[in-house]
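Peer 1: Following this message is one structure expressed as structure tokens.
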Amino acid sequence: MITVTDVHKEYIDGETHVRALRGVSLEIDEAEFLSIAGPSGSGKTTLLNIIGCIDTADSGSVEIDGAPVNGSSKRSLVEIRRAKIGFVFQNFNLIPVLTAYENVAMALALMGTPESEIRERTMKLLREVGLSGMEDRRPAKLSGGQQQRVAVARALVKDPIIVLADEPTANLDSETGESILKLMEDINRKRGTTFVFSTHDQMVMDYAYRLCRLHDGLIESDEVRRSA
């Protein structure tokens with residue numbers, strides 16, 4: 001479903017050239033539950049951003065759902081993100097003036113989905129992530145774990161082929177973080193949604209069915225730990 005081949009990425013920080021990725025190749029299949037792990041500076045977030053069409057590779061190739069994204073226009077990359085990819089961020093990235101319902105529904109509204117369908121799909125997802133009765137609360141009235149559940153619902157409401165989660169437990173206590181991982185694992189099993197995590201959290205690594213370790217922009221190991 002996702003094929004990354006010999007991807008290189010370099011950033012310039014003042015007079016310093018930072019080689020974030022140095023020839024990474026990776027295949028991600030449907031319904032995987034994969035963690036890309038490594039210390040700060042290993043290249044894991046850069047790799048996630050390239051898979052998510054937020055950033056582009058300097059060289060190498062990326063295919064999503066069988067279609068190459070190399071050389072795509074900014075508009076085309078936006079359309080790929082909108083139609084095929086869901087995102088969950090460590091800082092939740094919810095819009096503070098919108099309710100939980102509105103934060104989730106907005107993803108469908110931007111796609112031109114009819115209002116009746118928006119309501120049905122949004123309410124279903126909020127129930128599925130355990131937020132029934134909290135639809136009208138704004139983020140400031142939700143706990144960190146509840147905000148991350150809204151973020152998970154927002155990522156899933158478009159029925160993406162893949163959800164990319166960048167350090168999803170970083171701002172949560174361990175108990176809440178585990179509840180979010182259990183939620184995403186349950187969704188992976190029920191819906192067959194592919195999840196790819198960027199993390200240095202051992203708990204996220206332990207939950208992963210497949211663990212890919214990065215170090216200095218290179219894949220150090222890639223191991224299937226258990227089956228779905």
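Peer 1: Which of the lysines could a cross-linker span from Lys9 if the Cα-Cα distance has to be under 28 Å and same-chain partners fewer than 8 positions apart are dropped?
Peer 2: Qualifying lysines at Cα under 28 Å: Lys44, Lys74, Lys84.
Peer 1: Please report, to one decimal in angstroms, the Kirkwood hydrodynamic radius of segment 52-150 built from all distinct Cα-Cα pairs.
Peer 2: Value: 15.2 Å, from the Cα pair sum.
Peer 1: For the chain, build the charge dipole from Cβ charges (+1 Lys, Arg; -1 Asp, Glu) around the Cα centre, then report which of Gly144, Met203, Ser35 sits farthest towards its positive end.
Peer 2: Checking the options against the dipole of the chain, the answer is Gly144.
Peer 1: Scale the Cα Rg of segment 100-143 by the rule-of-thumb value 2.2 N^0.38 Å and send over the ratio, two decimals.
Peer 2: Expressed relative to 2.2 N^0.38 Å, the Cα Rg reads 1.13.
Peer 1: Next question, about the same structure. Let me cross-check Lys190: its accessible surface, 1.4 Å probe, with only protein heavy atoms counted, in Å² to the nearest 10?
Peer 2: Probe radius 1.4 Å; accessible area of Lys190 about 150 Å².
Peer 1: Using a cut-off of 12 Å between beta-carbons, work out the net charge of the residues near Glu102 (Lys and Arg +1, Asp and Glu -1, Glu102 not included).
Peer 2: Within the 12 Å Cβ shell, the charges total +2.
Peer 1: May I ask which residue of Val18, Val129, Ser179 lies farthest towards the positive end of the charge dipole of the chain, with charges of +1 (Lys, Arg) and -1 (Asp, Glu) on Cβ and the Cα centre as origin?
Peer 2: Farthest towards the positive end: Val129.
Peer 1: Further, regarding this structure: What figure, in Å² to the nearest 10, do you get for the accessible area of Leu108 with a 1.4 Å probe and non-protein molecules left out?
Peer 2: Spelled out: Leu108, probe radius 1.4 Å, area about 0 Å².
Peer 1: Considering only protein heavy atoms and a probe of 1.4 Å, how much of the accessible area of the chain is carbon and sulfur, as a whole percent?
Peer 2: Solvent-exposed carbon and sulfur of the chain make up 46 percent of the total.
Peer 1: Let me know the whole percent of all Cα-Cα pairs from segment 110-214 that are separated by more than 17 Å.
Peer 2: Beyond 17 Å sits 54 percent of the P(r) for segment 110-214.
Peer 1: If you don't mind, another one. Return the sequence-ordered ³J(HN,Hα) values of segment 68-76 in whole Hz as given by the Karplus equation 6.51 cos²θ - 1.76 cosθ + 1.60 applied to θ = phi - 60°, using x for Gly and Pro.
Peer 2: x, 10, 4, x, 5, 5, 4, 4, 5
Peer 1: In percent, how large is the relative contact order of the chain, given Cα pairs closer than 8 Å and 6 or more residues apart?
Peer 2: 30 percent
Peer 1: Compute the Kirkwood hydrodynamic radius of the chain, taking the inverse of the mean of 1/r over all pairs of distinct Cα atoms, and give it in Å to one decimal. Write out the running numbers ahead of the final one.
Peer 2: On the way: mean 1/r = 0.0555 Å⁻¹.
Evaluated on the chain, it is 18.0 Å.
Peer 1: Mind checking the per residue accessible area of the chain for me, 1.4 Å probe, whole number of Å²?
Peer 2: Per-residue accessible area for the chain comes out at 48 Å².
Peer 1: Then there's this: Kindly provide log₁₀ I(q)/I(0) values, in the same order as q = 0.12 Å⁻¹, from the Debye equation applied to equal alpha-carbon scatterers of segment 1-90.
Peer 2: -0.37
Peer 1: Heavy atoms only, 1.4 Å probe, whole protein assembly: order Leu164, Leu110 by accessible area, highest first. Don't skip to the end; give the middle numbers.
Peer 2: Working: Leu164 5, Leu110 110 Å².
Largest accessible area first, the list is Leu110, Leu164.
The values are calculated or read from the model by the stated rules, or taken from the named source; none is laboratory data. All figures in this text were calculated on a predicted structure; none of them were measured in a lab. Ideal geometry is used to build each Cβ from the backbone, glycine not excepted, and the neighbour counts take in all protein chains shown. Each accessible area value is taken on the protein alone, full model and side chains, heavy atoms only, with ligands, DNA and RNA left out. Shrake-Rupley method; radii C 1.70, N 1.55, O 1.52, S 1.80 Å.
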